[in-house]
Protein chains: 2
Amino acid sequence: MAKINTNYNKLSPSYVFSEIGKRVKVFSEKNPGVEILKLGVGNTTEALTSTVVKGLLEGVKKLSNIKTYTGYGDEQGDTRLRKALAELYQKRGISLLPEEIFISDGAKPDCANISSIFDESSIVAVADPVYPVYVDSNVIAGKKLVYIECTEENNFIPSPPKEKADLIFICSPNNPTGSVVTKKQLKAFVDYALKNKAVIVFDGAYVEYITDKSLPKSIYEIPGAKKCAIEINSFSKWAGFTGVRLGWTVVPMDLTVEEAGRGKINSLWNRRQTTMFNGASNIAQEGGLAVLSDKGQKECKKLVDYYMNNAKIIKSGLSKMGLKVFGGDNAPYIWLKVPNNLSSWEFFDKLLKEAHVVGTPGSGFGGKGEGYFRLSAFGHKENIEKAVKSIQENLKL
Amino acid sequence: MAKINTNYNKLSPSYVFSEIGKRVKVFSEKNPGVEILKLGVGNTTEALTSTVVKGLLEGVKKLSNIKTYTGYGDEQGDTRLRKALAELYQKRGISLLPEEIFISDGAKPDCANISSIFDESSIVAVADPVYPVYVDSNVIAGKKLVYIECTEENNFIPSPPKEKADLIFICSPNNPTGSVVTKKQLKAFVDYALKNKAVIVFDGAYVEYITDKSLPKSIYEIPGAKKCAIEINSFSKWAGFTGVRLGWTVVPMDLTVEEAGRGKINSLWNRRQTTMFNGASNIAQEGGLAVLSDKGQKECKKLVDYYMNNAKIIKSGLSKMGLKVFGGDNAPYIWLKVPNNLSSWEFFDKLLKEAHVVGTPGSGFGGKGEGYFRLSAFGHKENIEKAVKSIQENLKL
């Protein structure tokens, strides 16, 4: 008799974005014709750049010709793309072998699947508030979680866990708070991991939004990190690939734990991917190569600048109203302290009703997110400006 | 201290295709200039059809324009594609809701991930020989496996397991044997599952290769199957999408087990996918819509016919030599009884040495595959003809 995985019953019943969808739908039905301004989801909105489009078209055209057609590629990804990513790291002073870089269909699946190569008794440390995937995927797998509180007191920056932890997820620049760990702060994690033989999973999906050059764009900027850290990254937010689907995960050969010597953890992820994944789309990978070309890099930088300008508009617009805002300087997210002691969801309803603006309740990212609110800089500039203006004119503080 | 998932140590150390790669490499280095003819891998080789290429190009072009750009779509897939697939089933007399169909990046990941929504104590029945993904993914998850022997005696057709099983994987048309279950044979599985409250996972990745109209193309052709079966399918072998990456999984609302009432298992897979997956590429999905158009259907039928003609060439060519061959009539795989009591790998080496042809040792698919050999009909017709001719002229029987 088949039984279900009852760990699913331990998950929060509703994902925050589906609840948002429901409330927006109810509001729209009650208020037909009202334009709703969305600063809610971290979804890219601007067109792909011309070089990248060219790469993707080339990818399709190759498949239309028997001489250039390709079927299954290596599950680990196109060697050209693995090499191009190794070169990107090299430019930043980090030496990686192409074999240490695994191409995937995005950071989310990798973040959700990476724990599966570790023992089910592993204790997993995550920040609170945090991107829900780290929590939910480990709850489903039956792993125990411990939380690192990130509050106004510590500038929303996590510190190594006080409890024993075997796996530690760090997202920097952070979703949802927009905070970024310094090299010194990241070094504390590396020291903890080396001392305790723990493994860090560093999610760098937003590193291209870092403007302050002193902040680390890769955990491998920290000496010793290759011995204790996996890095996950993505083309999504940087090149507009949220719908194209392309990411990568670095598992260094040097990464070891007591029972797994040099190369072993790399080989486990290799086996996981070759067994349970069949490679990212060859079209998307051609696009990824275009992103990593010199021209592609320049164009994608402009894309990032565009969203970062939006972040500035939101942050300065809300600051002027006397609201307390965090993040937004090196990240596309603005983390707002909800005024008047309202709950996150009360503020959601108020903002929707009064200003017709949709954001994301901080409580959707964990208990310590209660009383906060995430605004996303992903959107067309004119809509961002309209939303900020509407908040300034209509929100009753 | 992080520990690894030691279930990985229980896996066979080397995947059959990497061993093949190694042996071919050694042979090539020793015999420079010798053309090696590959009938080994189930990888499509012909260009995408014009309608499908048009669809994919359209998909890319949409992303190049701010007015048609899309980022993240629904994790469950584009509603248009889910509806188009529901219509495909409807044409075959099967009614499914779009909400019962989940778009994925291919059948392999879904086959590997589906067990995770069931309890880890689940006993999993698989055929022997079998597509390695069902076995390996469940070994990694720590689930217990029982095997259903598929031999010449039973025409390589599995019967419901004699032992208690909670999950049963069926692949029909079968990879590697090319055998196809009849409706009556499939009904026996449905009866078993309904009686024992087991869940069947039906992998139909090759159903478009069925030419005998009496054979089932979907498990839902069997009354009662919606109550006990999940169906996984793919655009890979049918439309040449092995590298494009697109598939789907059907989890009917009616599928229940004792502790999970109507819609619950559907909701578990929905939660799994929304938590751990971020949707198939929007470009690939546009291509999928083109495949499902009337014109696309006609073109892809020709593609299938092309490979099936290859299968005929292999089967009749080898039969004429007096070799015992199975499959190939409703599947792109020919299952060869290895002559002279050689082992599968001995025959691999002999075939490579004497005829310069690469195939897949049956033992790579399980113990009961020992003494058999898989030949794949995926290839250019002229290469298939060349390979068969070389076997006829050079293989010493």
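Some observations on this one:
- Residues being at the interface with chain A (Cβ under 7 Å from one of its Cβ atoms) and without any contact (Cβ under 8 Å) to a residue 40 or more places away in the chain - total across segment B:7-26: 0
- A:F118 vs. criteria among the aromatic types (F, W, Y) and over 29 Å from A:V338 (Cβ atoms): yes
- Looking only at segment B:1-39, and only at residues there that are of a type in the set (G, A, S) and within 27 Å of the chain's Cα centre (by Cα), the one that is surrounded by the most Cβ atoms within 10 Å (Cβ to Cβ): B:G21
- Answer residue from segment B:140-153, given it is part of a loop (DSSP other than H, G, I, E, B) and in contact (Cβ under 8 Å) with a residue 60 or more places away in the chain and is farthest from the chain's Cα centre (by Cα) among those: B:G142
- Conditions (1) within 11 Å of another protein chain (Cβ to nearest Cβ); (2) charged (D, E, K, R); (3) in a loop (DSSP other than H, G, I, E, B); number of the one not met by A:K195: (3)
- Residue that is assigned to a loop (DSSP other than H, G, I, E, B), assigned by TED's automatic domain parsing to the domain that holds B:K217 and among the aromatic types (F, W, Y), where the choices are B:F102, B:F156: B:F156
- Scanning segment B:154-182 for residues that are over 25 Å from B:L194 (Cβ atoms) and either β-branched (V, I, T) or modelled with pLDDT under 95 (or both) yields one hit, B:T177.
- Total residues in segment A:114-139, condition at the interface with chain B (Cβ under 7 Å from one of its Cβ atoms), part of a helix (DSSP H, G or I) and touching a residue at least 40 places away in the same chain (Cβ under 8 Å): 3
- Condition check for A:A2: more than 10 Å from chain B (Cβ to nearest Cβ), in contact with a strand residue (DSSP E or B) (Cβ under 9 Å, 6 or more places away or on another chain) and without any contact (Cβ under 8 Å) to a residue 60 or more places away in the chain: no
- Elements of the type helices (runs of 4 or more DSSP H) sitting completely within segment A:280-397 and holding at least 1 residues that are touching a Leu at 6+ places or on another chain (Cβ under 7 Å) and closer than 30 Å to A:N65 by Cα: these cover A:282-291.
- Scan segment A:241-269 for residues that are at the interface with chain B (Cβ under 7 Å from one of its Cβ atoms) and small (G, A, S) and the total you get is 2.
- Of all the residues in segment B:192-229, those that are within 21 Å of B:A331 (Cβ to Cβ) and in contact (Cβ under 8 Å) with a residue 60 or more places away in the chain number 14.
- Within segment A:252-279, considering residues that are polar (S, T, N, Q) and in contact (Cβ under 8 Å) with a residue 60 or more places away in the chain, the one surrounded by the most Cβ atoms within 10 Å (Cβ to Cβ): A:N278
- Restricting segment B:217-235 to residues that are of a type in the set (G, A, S) and farther than 14 Å from B:C111 by Cα, the residue that is farthest from the other protein chains (Cβ to nearest Cβ): B:S218
- Test: residue in segment B:237-244 that is touching a residue at least 60 places away in the same chain (Cβ under 8 Å) and charged (D, E, K, R): yes
- Neighbours by Cβ (under 7 Å, 6+ apart or cross-chain): first from segment B:34-58, more than 7 Å from every other protein chain (Cβ to nearest Cβ); second of a type in the set (K, R): B:L37/B:K386; B:T51/B:K295
- Whichever residue in segment B:370-397 is under 17 Å from B:M321 (Cβ atoms) and among the hydroxyl-bearing types (S, T, Y) and, among such residues, is surrounded by the most Cβ atoms within 10 Å (Cβ to Cβ): B:Y372
- Residue in segment B:166-180 that is more than 20 Å from the chain's Cα centre (by Cα), within 11 Å of chain A (Cβ to nearest Cβ), surrounded by fewer than 23 Cβ atoms within 10 Å (Cβ to Cβ) and assigned to a loop (DSSP other than H, G, I, E, B) present: no
Per-residue answers, yes or no, for (1) out of contact with any Gly (no Cβ under 6 Å at 6 or more places or on another chain); (2) modelled with pLDDT under 95; (3) closer than 23 Å to B:S236 by Cα; (4) in a helix (DSSP H, G or I):
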{"residue": "B:P13", "(1), (2), (3), (4)": "yes, yes, no, no"}
{"residue": "B:G21", "(1), (2), (3), (4)": "yes, yes, yes, yes"}
{"residue": "B:S28", "(1), (2), (3), (4)": "yes, no, no, yes"}
{"residue": "B:V34", "(1), (2), (3), (4)": "yes, no, no, no"}
{"residue": "B:G42", "(1), (2), (3), (4)": "yes, yes, yes, no"}
{"residue": "B:A47", "(1), (2), (3), (4)": "yes, no, yes, no"}
{"residue": "B:V52", "(1), (2), (3), (4)": "no, no, yes, yes"}
{"residue": "B:N65", "(1), (2), (3), (4)": "yes, no, no, no"}
{"residue": "B:T68", "(1), (2), (3), (4)": "yes, no, no, no"}
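- Looking only at residues of segment B:140-165 that are within 29 Å of A:F118 (Cβ to Cβ) and touching a Phe, Trp or Tyr at 6+ places or on another chain (Cβ under 9 Å), we find that the one that is nearest to the other protein chains (Cβ to nearest Cβ) is B:I140.
The values are calculated or read from the model by the stated rules, or taken from the named source; none is laboratory data. Worth saying up front: this structure is predicted, and the values here are computed from it rather than measured. We place every Cβ from the backbone using ideal geometry, glycine too, and count neighbours over all the protein chains shown.
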